[in-house]
Amino acid sequence: MQFHVMNSPFNQEQVDLLNQLLPVLSTRQRIWLGGYLSAVQDTELDHSSGGVALLEKPTSNDKDVNQELTILYGSQTGNSQGLAEEFSEKLARDGLKINLFSMSNFKLNTLKKIENLLIIVSTHGEGEPPDNAIPFYEFLLSHRAPKLEKLNFSVLSLGDSSYEFFCQTGKEIDQRLLELGANQICPRVDCDLDFDELATDWFNRIEAKLNEQRNQATPQVEQSVNHSTISNQPVYSRKNPFQAEILENINLNGRGSNKETRHLVLSIEGANFHFEPGDCLGIYPENPPELVDQLIEKMNWDKEEPVPINKQGDLLPLRDALISEFEITVLTKPLLQKMAAFTTDSRLEERLRSDQELSAYLYGRDLLDLVEDFSPWQVEASEFVKVLRKIPARLYSIASSLRANPEEIHLTIGTVRYHAHGRDRMGVCSYECAENKQIGEHLSVYIQQNDNFKLPADPKTPLIMIGPGTGVAPFRAFLEEREELNCEGETWLFFGDQHYVTDFLYQIEWQQWLDNGTLTRIDLAFSRDSEEKIYVQHRMIENSKAIYEWICKGAVIYVCGDEKHMATDVHQTLITILEQEGGISQLEAEEYLMEMQKEKRYQRDVY
């Protein structure tokens, strides 16, 4: 972004200062500064300091409540945060004063003072709030929550309709705010994985409502717009992914392993990506062509027929659209409800009446199963694709440091293969990376920042990293980064998998880091190498005294990997360690761990 003197109210010296400042501001800083400047009037300048507005006193004697808005986000993978920052920037440009907070950083006792509130929140796991939303969520649903009759609010809820408790956190927050007397600016909107259009529609309605309120309260003032010069440099994002070339694609598992774990090296030369250890790479996968061909053949469609791929009416040949645009490997209840209108088979409607039977049917089946099980179908291809959701990106923890590998991104991807309902199945993205993409081919990628999983600012802070299987990926990035920075803090890795001989991922690298001191210690758990299965939580219990000592001297604990089993077991193990070694009750241990989470001393990236 560059300002020019022509058509602007600034002299050359001011323009030079602005051009030094603006390029180095983060999104959050630009939002804050825009809100601050809109709140400070000429009469509030401190003339004793040469007419410079004091940042400590951005007050206004004539406050207009319609021009101040708070946006809270609860985000596990970064989607809610990204939307909150995008919408904040747009509203700040409208002249509103925007207060943007992660739910974990929001002062709960100020909720009753807010008059305009937007909430953007995802649902994590089986209907649970994301980690950084837990304090706000628990406070709001508790008896401590105040009456909020003066609050105007709206909720945007993100989720995945393939889960039973779709958008549950957003629904509960929305309902609770209504119970507390708050008034909706606009009704809640529940978004599936392809959330862009619904989220934009929700925001546009909010923006129109807020502008309507402001126009009623204050006369319209014509504003001059300074159009900045737009760089020709492309900006790559979730909406405009970069085509990353595959440089390496290696199977990390040894011969005879039950697993296949791919180490991918992607070139990001020319992408201008910035990321930190703990961030993720989003990959837009393609559906297996053979599955698409079977589906088209079963429905007796023309693979070259143009079909719409968005609301704007853009067209693609049917086969290309089913490969690259639409999800066909996951069935959801909303999809089956829409599909029921296209078949004369009454059994589909019957199945939809029983949640238990429906849940059993959805598991492990795809769109080809559906069209085979409930034919005949009476629907044109162009109508059929309109009820499909867009194929969502898959997020993978980045397994490399940008400082150590400035033109590359490394990934650790477990290939998913299984047999169900008479057919061999595969994970869409992991199978594509393992089978359908060769060296020199490209993947559509973007950076997904993850503020909930970051190295501590102090390089001397001890780290305890728990990451079995592919969950070890971000810790490889952590250690690469700390090696580059010559960090002195101690590091402790807990890693596990099935067999030492075939499944010890990145074994040589861990050994090198042990030798040069980047890694202080490592504890291993290979579950199939002994009669009794040993997992990382068992190694933690064996080292409970040492873990407690590390916690007492300020260690940050990181957990990455499977949420349903591993992360739950590790969480309970940490409670047990605090309880036993600290001599406190289970409730006190749970509260202590929750406090560590609030202080970002206990961070999880689980899926």
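Read the figures in this text as sums done on the coordinates, not as results from a lab. Note that the structure is a prediction, hence the values are computed from the model and not measured. Please note: Cβ atoms are built from the backbone with ideal geometry, for glycine as well, and neighbour counts cover all protein chains shown.
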Which GluC sites (Glu not before Pro) does region 415-495 hold that lie in a coil by DSSP with at most 16 other beta carbons within 10 Å? E441, E488
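Could you tell me which trypsin sites (Lys or Arg not before Pro) in region 441-518 are loop residues by DSSP with no more than 12 other beta carbons within 10 angstrom of their beta carbon?
Details: sites: K454, K460, R476, R482; in loops: K454, K460.
Here the sparse-neighbourhood loop sites are K460.
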Tell me which aspartates and glutamates have Cα within less than 17 Å of K564's Cα, excluding those fewer than 8 residues away on the same chain? E126, E128, D131, D160, E164, D497, D605
Partners for K112 among aspartates and glutamates (Cα-Cα distance below 19 Å; same-chain residues under 8 apart left out): D64, E68, E138, E149, E172, D174, E179
Stokes-Einstein D for region 59-175 at 25 °C, 0.890 mPa s, Kirkwood Rh over Cα pairs, in µm²/s? 167
Looking at region 90-166, which trypsin sites (Lys or Arg not before Pro) are DSSP coil and have at most 12 other C-beta atoms within 10 Å of their C-beta? K107, R144, K147
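Which of K311, K386, K171 has the fewest other C-beta atoms within 10 Å, and how do the rest follow up to the most? Please report the intermediate quantities before stating the final value.
Values: K311 9, K386 15, K171 19.
In increasing order of surrounding Cβ atoms, one gets K311, K386, K171.
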Whole-angstrom gap from region 560-598 to region 286-347, using each part's C-alpha centre: 45
Straight-distance crosslink candidates among lysines, where the alpha carbon sits under 19 Å from K600 and sequence neighbours closer than 8 are dropped: K107, K454, K460, K553
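Taking 26 Å as the cut-off for C-alpha to C-alpha distance, list the pairs among K209/K390; K259/K437; K303/K386 that go past it.
In this structure, K209/K390 exceed 26 Å between Cα atoms.
I need S267, S237 ordered by Cβ neighbour count within 10 Å, fewest first. List each step's numbers first, then the result.
Working: S267 17, S237 14.
Placing the least packed residue first, the sequence is S237, S267.
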Which whole-number percent gives the relative contact order of the chain, counting Cα pairs below 8 Å spaced six or more residues apart? 12
If you count, for each residue, the other Cβ atoms within 10 Å and average over each peptide, how do 392-399, 131-138 line up from highest to lowest? 392-399, 131-138
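What does the charge count near E245 come to, summing +1 for each Lys or Arg and -1 for each Asp or Glu among other residues with Cβ under 13 Å from its Cβ?
Details: positive: K437; negative: E248, E269, E407, E408, E441.
Residues close to E245 contribute a combined charge of -4.
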In whole Hz and in residue order, list the ³J(HN,Hα) couplings for region 591-597 that follow from phi through the Karplus curve 6.51 cos²θ - 1.76 cosθ + 1.60, θ = phi - 60°; x for Gly and Pro. 5, 5, 5, 5, 5, 4, 5
